[in-house]
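Here is the structure we will look at, set down as structure tokens.
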Amino acid sequence: DDLNTVMRLQENKMTVHLRTLDFHSLVSKLYDDVRHNHRAGDMELNMNIPAGCLVEGNEGLLNNALIHLIENAVKHSGGSCISIDLLGEEDGYMVFSFSDNGIGVDEEHLDRLFDLFYRVDSGRSRKSGGSGLGLSLVDRIFMAMRGDISARNATTGGLEFIFRLPKGTVADRQ
């Protein structure tokens with residue numbers, strides 16, 4: 001399914017309907033679901049997003065992207081905490097940070113993390129959860145929603161993804 005979605009997004013063969021979403025509410029529901037289904041393992045989930053933080057996006061695709069980021073952190077970070085924070089507003093975009101407090105990745109891999117089928121550890125097998133599709137899908141989802149995402153090692157340790165989504169407006173809210 002992920003490969004199909006990646007290819008459809010890449011070839012612009014997938015219509016993505018955007019609407020104004022309350023990002024605080026979306027992340028709260030997602031975190032509740034992740035905790036309930038034990039998808040975060042022993043990792044603590046933190047959120048610093050004010051209520052009423054509006055973005056333009058597609059709820060299903062945005063949930064999918066955030067789940068992939070969470071699962072990536074759980075499987076590969078070696079950390080104990082995941083955080084999603086609002087960094088601010090910039091040129092009509094809301095800017096967020098998704099970070100973990102794990103081991104990060106070597107600098108040489110950062111530019112390739114979103115490449116299709118790229119794996120930081122080439123020895124990983126699909127069985128251990130390293131198909132190389134997850135972050136490619138995440139990147140294409142943000143692009144399809146007129147946003148973007150990048151990765152860097154956090155100064156406090158771990159991996160940090162910075163993503164931007166168009167700012168939503170109350171008038172557009174359905």
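The values are calculated or read from the model by the stated rules, or taken from the named source; none is laboratory data. It should be emphasised that the depicted structure is a prediction, and the values quoted were computed from it without experimental measurement. Please note: Cβ atoms are built from the backbone with ideal geometry, for glycine as well, and neighbour counts cover all protein chains shown. These area figures cover heavy atoms from the full protein model, side chains too; ligands, DNA and RNA do not enter into them. Shrake-Rupley method; radii C 1.70, N 1.55, O 1.52, S 1.80 Å.
One table, with the values for the structure above:
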{"item": "13 Å beta-carbon shell around GLU160, net charge (K/R +1, D/E -1)", "result": "-1"}
{"item": "Area of ARG152 that stays accessible when all protein chains are in place (1.4 Å probe, Å², to 10)", "result": "120"}
{"item": "Förster-model FRET efficiency, 25 Å R0, GLU107 and ASN46, C-beta, rounded to 0.05", "result": "0.45"}
{"item": "Contour minus Cα-Cα distance for ASP115 and GLU59 (0.36 nm per residue)", "result": "17.8 nm"}
{"item": "Heavy atoms of PHE142 accessible to a 1.4 Å probe, total area in Å² rounded to 10", "result": "0"}
{"item": "Nearest-10 value in Å² for the accessible area of ASP32, using the 1.4 Å probe", "result": "90"}
{"item": "Contour excess over end-to-end distance, with Cα ends at ASP33 and THR156 and 0.36 nm allotted per residue", "result": "41.5 nm"}
